[in-house]
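Okay, so here's the structure we're looking at.
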Amino acid sequence: MPTTVYRARRILTLNPSRPDATHVAVREGRILGVGSLEDLAGWGPLELDERFADKVLMPGLVEGHSHLMAGTFWRFTYCGYFDVRDPQGRTVDGSPSLEAVVAVLSARAAVMDDPVAPLVGWGFDPIYFGQRRCNRHDLDRVGATRPVGVMHASGHILNVNTAALEQAGLLRAGIEHPGIPLGPDGLPTGELKGPDAMGPALAVVGLNRSFLGSDEFGIRAFGQLAVRAGVTTATDLAATLGDGEVDELVRVTGEADYPLRIVPLLRLIGMTPADAVQRALALRPRSTEQLHLGRIKVVADGSIQGFSARLRWPGYYNGAPNGLWYTPPETVRQAYALALAQGVQIHTHTNGDEATEMVLDQLEAVLRTQPGPDHRFILQHCQLADAAQFRRMKALGMGVNLFANHHFYWGDQHRDVTVGPERAERMNACRTALDTGVPFSIHSDAPITPLAPLFTAWCAVNRLTASGRVLGAPQRINVMDALRAVTLGAAWTLKLDGEIGSIECGKRADFCVLEDDPTEVGAERLKDVRVWGTVQGGRVFAAA
Ligand SMILES: [Zn+2]
């Protein structure tokens, strides 16, 4: 069997026993050995490959919280505030105002043949546009005959036009729903908050979750985005995973040149906890090397910048009413009890500190009556947790995946509008996680923010907001701790740390190939480290 040895300028292994090396030997998609050429000679005939001789290798980056729709969304029109890169690496301009959003959507409408086909935008972020909320009349200017739906950057709110409201059966008086604000005319304004309120309108504009998570174009685009970011394993953190969707995922990820290992989590929504646990168990045997099934995602509350997260006293800084329970506490407890009994792992989205407290209470109650050895239940986002809550996580054996990118994208808004100066500084408390010994990772939640773990690491190291303010300096972590969080840390949250996350004998041959050394460029330039591409399962993928 052929063995390839890659020589590199430096290999940053993230294995504390042998942190640095110059050569790595790969056989059958796995790492045979790491060290000097001399160290590897004992393995028999080796083929020396010099293509990375001037590059730096580190473990393939692991995105512990992303969504496959980050690929699928590229079918639609980007409406976000910041410039982004598409799967081909081209820059797509952001929209600095509501007028600009309407203009970019109108431009797309102008080239569509069918006057009644739905038009979808994504990445919309009106928190940058002042107090006025977008309403259906704004989007009627894009199209009066076709349904128009614009997904907010948070993924928790959808704005629609009048035609979409009508087709969803929502253009009527007398609606009483906390997620459906009404205008002075007694009709919905077109803003739909939370999965419940969005549901019928998502179907009308063609944004159903099963499509978003199994679209062949989307799976391929997601793979391209990953290679550009140095990512070799990524989650699809809230999938529906019907039989046809799983077939499609198995098929595409199994192709000889598909560059990404995907870990989809089954979202508990529209089914009982018992059905979700049974489904997760039934899916487990369909796992392959490139597709890992059998985990569950629960969403406890909404988003902080959308004011749909559940906060403890004193609530939102601007006086907005408290957010929503997406999954009621009783259902969370049932899911935990059943999953622990069957050895199924659950990741739970909490944003507000009341949601985090609720989850800690439920897990503690369940663990009091039934054992859960190495359950590795993970809190996802967990943005507003305080130190006492981290101590409870530690005591309960939980891990956490913090949303470090939030400092950059919404840190200024958190300080000024959502939670105020003090609580904004404790958000995504990486330092507290380290100090309390809670295993942690950091994430992008792509497509909420772009898939780019080195940028995410930069956010955790520098905690800079978009306006250049350092928000919560004491919560900064060092570069090595941040690199560990986006490799071994994320692998741990998926119970894959024995397979991936570091470069050492026996693990998968997954490498992130870099032009620059992330430990030498300086903390403030970590986000500028150039990614050449990846090696995944021993196969080489160039980003360019
Ligand atoms: Zn998410």
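The values are calculated or read from the model by the stated rules, or taken from the named source; none is laboratory data. Keep in mind the model is a prediction, meaning the values are calculated, not measured. Quick reminder, even Gly has a Cβ in these numbers, built from the backbone with ideal geometry, and neighbours come from all protein chains shown. Accessible surface is based on the protein model in full, side chains and every heavy atom, while ligands, DNA and RNA are left aside. Shrake-Rupley method; radii C 1.70, N 1.55, O 1.52, S 1.80 Å.
Using the Karplus relation 6.51 cos²θ - 1.76 cosθ + 1.60 with θ = phi - 60°, the per-residue 3J(HN,Hα) values for the range 165-171 come to 4, 5, 5, 7, x, 10, 8 Hz, with x marking Gly and Pro. Across the accessible surface of the range 408-514, with the other protein chains kept in place and a 1.4 Å probe, carbon and sulfur atoms take up 50 percent. Sorted on the mean count of surrounding Cβ atoms within 10 Å across their residues, most packed first, peptides 342-355, 368-381 read 342-355, 368-381. In the chain, taking the dipole from charged Cβ atoms about the Cα centre, the farthest positive-side position among GLY372, PRO181, MET271 is held by GLY372.
Which percentage, to the nearest 5, of the DSSP beta bridges contained in the chain is antiparallel?
On the way: 35 of 73 bridges.
Bridges in the chain are about 50 percent antiparallel.
Once backbone amide H atoms are built at 1.01 Å from N, ASP125 has TYR81, ALA153 as its partners under 5 Å, excluding neighbours fewer than 5 places away on the same chain. Inter-label distance, SER210 to VAL250: 1.7 nm, where each label sits 7 Å from its Cα along the C-beta direction. How large, in percent, is the carbon and sulfur part of the accessible surface of the range 1-155 at a probe radius of 1.4 Å? Roughly 52 percent of what the probe reaches on the range 1-155 is carbon or sulfur. A 1.4 Å probe run over the chain, with the rest of the protein chains in place, finds 36 Å² accessible per residue. Working ranking of peptides 482-495, 36-49 by packing, defined as the average number of other Cβ atoms within 10 Å per residue, highest first, is 482-495, 36-49. Counting only the Cα atoms, the chain fills a convex hull of 143 Å³ per residue.
Taking only the Cα atoms of the range 403-469, the radius of gyration and Dmax are 11.7, 32 Å.
Just the protein heavy atoms count here, and of the accessible area of the range 159-219 at 1.4 Å, carbon and sulfur take up 55 percent.
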